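I have placed the structure first, in the form of structure tokens, so that the comments after it can refer back to it.
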Amino acid sequence: MAEPKIIGFLCNWCSYRGADTAGMARLKYPPNVKIVRVPCSGRISPELVLRTFRAGADGVLVLGCHIGDCHYTSGNHRTAKRMPVLKKLLEYTGVEPQRLRVEWVSAAEGEKFATVVREFTETIRALPPFMETMQGREQGARKQRSGEKGQGEKGQAVKEAAWTSA
Amino acid sequence: MTEKIGVYVCHCGSNIAGVVDVAEVARWAGQLPGVVVARDYKFMCSSPGQELIQKDIQEMGLTRVVVASCSPHLHEKTFRGACARAGLNPYLFEMANIREQDSWVTSDKTEATKKAKALVAAAVSRVAHQEALEALLVPIDPNVLVVGGGITGIQAALEIADAGDHVYLVEREPSIGGHMAQFDKTFPTLDCSACILTPKMVSAGNHKNITLLTWSEVENVSGYVGNFTVTIRKKARYVDEAICTGCGVCQEKCPKKVVDDVFEVGMARRKAIYTPFPQAVPNYPVIDRPNCTFFLKGTCKACEKFCPTGAIKFDQQDEILTVKVGNIILATGYDLFDARRIPQYGYGKLANVFTSLEFERMSNAAGPTGGRIFLRDGVTVPKSVGIVHCVGSRDQNYNAYCSAICCMQSLKFAHLVREKTGAEVYEFYIDIRTPGKGYEEFYQRLLEEGTHFVRGKVAEVTNVARVPEEEDRLIIQVEDTLIGKQRRIPVDMVILSAGLQARKDSKEVAKLFGIACSADQWFIEKHPKLDPVATMTDGVLVAGACQGPKDIPASVAQGSAAAARVLSIIGQEEIEIEAATAIVDEETCVGCQQCIASCPYQAIVYLEDKGKAYVNEALCKGCGTCVGTCLPKCISLKHFTDEQLVSEMIGAMWAMNQFETEALEVA
């Protein structure tokens, strides 16, 4: 079974430092998550998450400061409102909503960071690879469409994971 | 790919190299698109390590640099500096964190090496899209605003004024001095508070570089570090400061007496025209409008009749002042915990239960009893006194934190009570905390003086007697945890050592100045250890008890520290503003103004004439919340553009996909 591929978007001030704290405490966690540093979790547009899935990620982790502790006062308030909507949207389009996890991790919470990563990696490991789900869904959709209308739109290949396509 | 990228993989001794195959990572990185050189080296952050990068930039004409080593929070600045020294814009550098987020957290060496490769691929992919940025330089206005005229604010103001820069010292009350002016003696040296404070107040009042604005409040703040515009409301005193000599005749002649619940905490009365205390700075009185007979009934004007200089001006209006400053120091202090919130301690119901501040006033020679210790009847000297520690502090029901000053304050009270009355004194404590110079010695002294220490949290203070000797006394019910028994100790007087808490309007004040409050409403500093007086808002500093409970020495130290920070900023004359700011693409902006609503700093304005949003770079802190909000993607954050973040993510994904394919091939 292929290893889950996970991208974590971490805010610079709390969560990225929290990940550093986990490192300084030499806490061990699975290597699946690759961290992309953003200034604030408020910077993470829903589109960024969607593009990450489109690139083949099996899971996306969004970590920000605790509410009230945002380095930018209220950037994470946006995250708190935005991400649940995005999760609903994912669910609506047939993507398991648990592929996106949002957590608040402070700079001191190395232990929490490691726990979240461990749990999330296990959650994702229990799911089929994202690309498989999507292909399965598309085939299903195509069948349904051809059955209904007698003609099928071409399923768009959902792969952006080529080096130059950024 | 036209970029020439150099990749440097650090061993960090064995920190990284002990787990990650650094040579393999460097070899692998060498074949990534755009990479012209990839090296591994023992310590990249060392001088030879940095010189290696500089040499390659100069000799090979590198246009981008990636260092795979520790966290950017540790050495991003170091390597940016190395790039800059070699003539490469520092924003064309990127770091891959293969220590804190790889070698230190991954047990499996093969996996760690793979992860390092993926992180390097991400950084290489990102760096190719990075753009050169120039930090914006803005001039610094050398004037400084200090908010709060307690000992902290006075100290900060004096330090700055002595250095030759101008200070506006704003105080809400009619006089500067703050809580320290109310105290009697100061621990552990027992020197009188007024004796050490008054000279400083006078210096602040007379200083040619200090504009004292008492009876004033800040109403509005706009701008950014170096360039704040502050609106201050100078409330009407109804006294012309230019003419008033501070002779005090008006206060003598005023027929109206009012309970002074601010400075004398309800222990004494003052007149309707008053200075809070004799040594007030400035020494001009204030008319208490809601209590003044003239303002209430339209007749009286006794003060006006007797004023020898004609300084009383009943028609005076509030003044709105606008000042320009470059830096702001908040030293707004604390509120005392309201002991009424703990009904079982009886404050407000049982006459002889006092708060610590009431005791301070009573013990103060200039206070309502002339420094004598009496029960509430004003004549009876107590024969036994109980002092209750941690009132509202270290208590999950009220404030969980330790108020830091109450142990020492309570020890001081015990000493003063014994000195002045010879009464038996009982201290009821959870733990005695005396971490300060000379503090533990003071505690030892009190032990030797014969104060009784009872270890246990007081359950109740009551006047309901169970035995005849408890009649007409206050009984302190406590579990003495050292002997493991419940005790009832009858005393004549109880002093509640109430804790400190944040000002009740600290949240609004924080909002006004664009800083943040902790869950307990204290102002949050930039870093609890390494940057204790700065805040996340450049140019706004915090000092003293507004940041958390503090005694006088710590407050004064912070006042000086904040002043030093401000002076170092003023000394730079110009300040660099974060280059990673948001920018609006005017071509595509539809003027929906969603970004304006999302900005925590009011850094985005709507240009009415163009119908577009515009980012004030000096105000923008680069959080990117607007970018996450803008649906048509017309606003972007420099150094964290969509392109850069996506290419970083794609780089990591590409590497992970590669490893997966390789694994499949092997299988």
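The values are calculated or read from the model by the stated rules, or taken from the named source; none is laboratory data. Every value quoted in this text rests on a predicted model; they were computed, and no experiment measured them. A quick note on method: Cβ atoms are made from the backbone with ideal geometry, for glycine too, and the neighbour counts reach across all protein chains shown.
What are the residues in segment B:479-517 that are among the aliphatic types (A, V, I, L, M), outside any strand (DSSP E or B) and touching a residue at least 24 places away in the same chain (Cβ under 8 Å), if any?
B:Leu482, B:Val509, B:Leu512, B:Ile515, listed by residue number.
Quick check on my filter: what residues within segment B:56-68 are out of contact with any helix residue (DSSP H, G or I) (no Cβ under 6 Å at 6 or more places or on another chain) and in contact (Cβ under 8 Å) with a residue 24 or more places away in the chain?
If the condition is that a residue be out of contact with any helix residue (DSSP H, G or I) (no Cβ under 6 Å at 6 or more places or on another chain) and in contact (Cβ under 8 Å) with a residue 24 or more places away in the chain, then B:Asp56, B:Ile57, B:Gln58, B:Met60, B:Gly61, B:Thr63 are the ones that fit.
Which of the residues belonging to segment A:37-93 are among the β-branched types (Val, Ile, Thr), facing chain B (nearest Cβ under 9 Å) and under 27 Å from B:Ile98 (Cα atoms)?
Scanning segment A:37-93 gives A:Val38, A:Ile44, A:Thr52.
Can you find even one residue in segment B:260-273 that is touching an Asp or Glu at 6+ places or on another chain (Cβ under 7 Å), charged (D, E, K, R) and over 29 Å from B:Ser203 (Cβ atoms)?
The answer is yes, given that some residue of segment B:260-273 is touching an Asp or Glu at 6+ places or on another chain (Cβ under 7 Å), charged (D, E, K, R) and over 29 Å from B:Ser203 (Cβ atoms).
Output the residues belonging to segment B:190-232 that are in contact with a helix residue (DSSP H, G or I) (Cβ under 8 Å, 6 or more places away or on another chain), of a type in the set (A, V, I, L, M) and either closer than 30 Å to B:Cys620 by Cα or surrounded by fewer than 20 Cβ atoms within 10 Å (Cβ to Cβ) (or both).
If the condition is that a residue be in contact with a helix residue (DSSP H, G or I) (Cβ under 8 Å, 6 or more places away or on another chain), of a type in the set (A, V, I, L, M) and either closer than 30 Å to B:Cys620 by Cα or surrounded by fewer than 20 Cβ atoms within 10 Å (Cβ to Cβ) (or both), then B:Leu190, B:Val218, B:Val221, B:Val225 are the ones that fit.
Could you tell me which numbered condition A:Lys28 fails, if it satisfies all but one of (1) within 10 Å of chain B (Cβ to nearest Cβ); (2) modelled with pLDDT under 95?
Only one criterion in (1) within 10 Å of chain B (Cβ to nearest Cβ); (2) modelled with pLDDT under 95 is unmet by A:Lys28, namely (2).
Give segment B:647-667 a look and list any residue that's surrounded by fewer than 23 Cβ atoms within 10 Å (Cβ to Cβ) and at the interface with chain A (Cβ under 7 Å from one of its Cβ atoms), or say none.
Passing the criteria: B:Asn657, B:Glu660.
Within segment B:523-560, restricting attention to residues that are part of a loop (DSSP other than H, G, I, E, B) and polar (S, T, N, Q), which residue is surrounded by the most Cβ atoms within 10 Å (Cβ to Cβ)?
B:Gln547
Those residues that are among the aromatic types (Phe, Trp, Tyr) and closer than 12 Å to B:Met44 by Cβ, I need them from segment B:61-92; list them, please.
Within segment B:61-92, B:Phe79 is the sole residue that qualifies.
Go through (1) β-branched (Val, Ile, Thr); (2) out of contact with any helix residue (DSSP H, G or I) (no Cβ under 6 Å at 6 or more places or on another chain); (3) within 25 Å of A:Met24 (Cβ to Cβ); (4) modelled with pLDDT of 95 or more and name the single condition B:Thr78 misses.
It fails just one condition, (4).
Please work out which one of (1) surrounded by 20 or more Cβ atoms within 10 Å (Cβ to Cβ); (2) within 14 Å of chain A (Cβ to nearest Cβ); (3) assigned to a helix (DSSP H, G or I) is the condition B:Phe79 fails and give its number.
Among (1) surrounded by 20 or more Cβ atoms within 10 Å (Cβ to Cβ); (2) within 14 Å of chain A (Cβ to nearest Cβ); (3) assigned to a helix (DSSP H, G or I), B:Phe79 violates only (2).
Residue-by-condition table, conditions (1) free of Cβ contacts under 8 Å to residues at least 24 places away in the same chain; (2) touching a Gly at 6+ places or on another chain (Cβ under 9 Å); (3) closer than 16 Å to A:Thr73 by Cβ:
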residue	(1), (2), (3)
B:Gln593	yes, no, no
B:Ala613	no, yes, no
B:Cys623	yes, yes, yes
B:Lys633	no, no, no
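Restricting the search to segment B:305-332, which residues are surrounded by 24 or more Cβ atoms within 10 Å (Cβ to Cβ) and either under 18 Å from the mean Cα position of the chain (by Cα) or part of a loop (DSSP other than H, G, I, E, B) (or both)?
Within segment B:305-332, B:Gly326, B:Asn327, B:Ile328, B:Ile329, B:Leu330, B:Ala331, B:Thr332 meet the criteria.
Go through B:Gly61, B:Gly13, B:Gly34 for me and flag whichever is more than 45 Å from the chain's Cα centre (by Cα), over 11 Å from B:Val120 (Cβ atoms), exposed (fewer than 14 other Cβ atoms within 10 Å of the Cβ) and of a type in the set (Gly, Ala, Ser).
B:Gly61
In segment B:613-635, what residues are surrounded by fewer than 20 Cβ atoms within 10 Å (Cβ to Cβ) and either within 12 Å of chain A (Cβ to nearest Cβ) or in a helix (DSSP H, G or I) (or both)?
Residues satisfying the conditions are B:Leu631, B:Pro632, B:Lys633.
Filtering segment B:96-142 down to residues that are part of a strand (DSSP E or B) and out of contact with any Cys (no Cβ under 8 Å at 6 or more places or on another chain), which residue is farthest from the other protein chains (Cβ to nearest Cβ)?
Checked segment B:96-142; the qualifying residue farthest from the other protein chains (Cβ to nearest Cβ) is B:Pro139.
Kindly establish whether B:Gly178 is in contact with a Gly (Cβ under 7 Å, 6 or more places away or on another chain) and closer than 19 Å to B:Asn283 by Cα.
Yes, satisfied.
Taking segment B:584-601 as the search range and keeping residues that are polar (S, T, N, Q) and within 11 Å of chain A (Cβ to nearest Cβ), which one is farthest from A:Arg43 (Cα to Cα)?
Applying the filter and picking the extreme gives B:Gln594.
Per-residue answers, yes or no, for (1) closer than 25 Å to B:Trp522 by Cβ; (2) part of a strand (DSSP E or B):
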position	(1), (2)
B:Val385	no, yes
B:Cys402	yes, no
B:Ser410	yes, no
B:Val417	no, no
B:Val425	no, yes
B:Ile432	yes, no
B:Lys437	yes, no
B:Gln444	no, no
B:Ile476	no, yes
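Within 23 Å of B:Leu212 (Cβ to Cβ) and either buried (at least 21 other Cβ atoms within 10 Å of the Cβ) or touching a His at 6+ places or on another chain (Cβ under 7 Å) (or both): which single residue out of B:Ala280, B:Ala236 fits that description?
B:Ala280
B:Cys406 fails exactly one of the following numbered conditions: (1) at pLDDT 95 or above; (2) surrounded by fewer than 16 Cβ atoms within 10 Å (Cβ to Cβ). What is the number of that condition?
(2)
Just give me the residues in segment B:577-591 being more than 19 Å from A:Val38 (Cα to Cα) and either free of Cβ contacts under 8 Å to residues at least 40 places away in the same chain or surrounded by fewer than 18 Cβ atoms within 10 Å (Cβ to Cβ) (or both), in sequence order.
Passing the criteria: B:Asp585, B:Glu586, B:Glu587, B:Thr588, B:Val590, B:Gly591.
So B:Asp56 fits all but one of (1) in contact with a Gly (Cβ under 9 Å, 6 or more places away or on another chain); (2) more than 11 Å from B:Tyr8 (Cα to Cα); (3) away from chain A (no Cβ under 14 Å); what number is the exception?
(2)
For B:Asp520, indicate whether it is part of a loop (DSSP other than H, G, I, E, B), farther than 30 Å from B:Phe453 by Cβ and in contact (Cβ under 8 Å) with a residue 24 or more places away in the chain.
Here the answer is no, as B:Asp520 does not meet what is asked.
Checking B:Lys610 against (1) in a helix (DSSP H, G or I); (2) surrounded by fewer than 24 Cβ atoms within 10 Å (Cβ to Cβ), only one condition comes out false. Which one?
(1)
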